[in-house]
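The values are calculated or read from the model by the stated rules, or taken from the named source; none is laboratory data. Keep in mind the model is a prediction, meaning the values are calculated, not measured. Neighbour counts are summed over all protein chains in view; Cβ atoms, including those assigned to glycine, are modelled from backbone coordinates with ideal geometry. For accessibility, only protein heavy atoms count, side chains too; no ligands or nucleic acids. Shrake-Rupley method; radii C 1.70, N 1.55, O 1.52, S 1.80 Å.
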Amino acid sequence: NVSRLLGKTVLITGASSGIGAATALLFAKAGSNVILVARRADALKSVADACVAAHKESGVTQGGKFATIQADVADKEQVASILDKIPSDLRAVDVLVNNAGQVFVKGIEHIGDIADIDVEGMFATNVLGLIRLTQIFVKEFKARNSGHVINLGSVAGREAYAGGGIYCATKFAVSAFNGSLLKELVNTPIRVTEIQPGMVETEFSIVRFRGDTDRAKTVYDGMQPLVASDIAEEILWVASRPPHVNIAEMLIFPVNQA
Ligand code: NDP
C-alpha cells in the first residue's frame, strides 16, 4: 500500500540515471518528496523535472517537493556536506536509498590486471560513501525515532564470479555492513534493507563492458534482463510496508538468471 509513502521524504544517491532515477520517479508518483543526489548536475536536473511532471500527472496532492544535490559520494567532505545542502522543508528525511555505485571503470575487470582497475574509486563509492551517508542518517533517524535505510547490494555480494573480484568485494562489504546494521538497530523503529538485483540493463551495462563492445553486445543474448523500474518497484514496496515490518533483504533476478 503505497499510500504510506504520501508526504514522506526520500533521499536517493545515484539518482541521475538507471535504478536511482527510476526509483525517484516512482516515489514522485506515489506522493513523496525526493532529494536526488549524484555528480552530474544536468542529468539530475532532467530527472528532477521528470519527477515534477510525474507527480503532477499522478494527481496526488501530498509530496511533490524535489531537490537536487550535486555530490560525489566517494568524497568524504562532500558526503559530510549533504545534510546541510538539503532545503529546510525537506530536512526530515524518512528513507535513505544508498544506490550510487560503480562497476568497471576501465575495460573489463580482471583480478590479474588489478593495476588497471580503479580499486580505490570503486570502494570509495560503493562502500565508503554508503557507510558514511548511513552513519549521518542513522544519527538523524535515532534522534527522530524513525527512518529506513535501503542499501543497493547485488547478487555479486552473495556469490563471487570470475573477473568481478573488486566489484564483488565491494558488494560483499555492503552486505556485511547491512547485516551488522540490521542487528545493531534491532528493537528500534529504524528499518534496514538490502536490495540485491541480478542483471539490470542500465548505464551500467555500457560502462561495464567499455573496451569490449563484442561482449557488451552479446551479454544479454537469449535473455531478457531486468529494467530499472523492476528494481524501483521493489524499493517502493519495501519502503511502503507497515512500520512493524522490515524486509531485511531482497534478491531479484530476471527469469533467465539464477
Ligand atoms: P547506473 O550507472 O545507471 O547509475 C549509477 C548511478 O550512480 C548514477 O546516477 C551515477 O550518477 C551515480 N554515481 C556513480 N558514482 C557516484 C559517485 N561517486 N557519487 C555520486 N553518485 C555516483 O547504474 P545502475 O542504476 O545499474 O546501478 C545502481 C546500483 O545498483 C549500483 O549500486 C549497482 O551496484 C547496483 N546494481 C546494479 C546492477 C545492474 O545490473 N545494473 C545489478 C546489481 C546491483 P553520476 O554519474 O551523475 O554521479
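Any idea what the alpha-carbon Rg over 2.2 N^0.38 Å comes to for the stretch 2-252?
Numbers: Rg = 17.5 Å, N = 251, 2.2 N^0.38 = 18.0 Å.
For the stretch 2-252, the normalised Cα radius of gyration is 0.97.
Sticking with the crude label model, points 7 Å out along Cα→Cβ, report the distance from TRP237 to GLN224 in nm, one decimal please.
So the two model labels end up 1.7 nm from each other.
Using a 1.4 Å probe on the protein chains only, how many percent of the accessible area of the chain belongs to carbon and sulfur?
Values: 6340 of 11920 Å².
Of all accessible area on the chain, carbon and sulfur atoms account for 53 percent.
Hydropathy at least -1.0 by Kyte-Doolittle, axial extent at least 30 angstrom from the Cα trace: which helices of the chain, defined as entire DSSP H runs, fit?
Numbers: long enough: none.
The answer is none, since no helix passes both cut-offs.
List nothing, just return the count: lysine pairs in the chain, 8 or more apart or interchain, with Cα separation under 14 Å. Provide the component values of the computation, followed by the final result.
On the way: LYS8/LYS29; LYS8/LYS65; LYS29/LYS56; LYS29/LYS65; LYS45/LYS65; LYS56/LYS65.
Close lysine pairs under the 14 Å cut-off: 6.
Give me the accessible area per residue for the chain, probe 1.4 Å, as a whole number in Å².
Values: 11920 Å² over 258 residues.
Normalised by residue count, the accessible surface of the chain is 46 Å².
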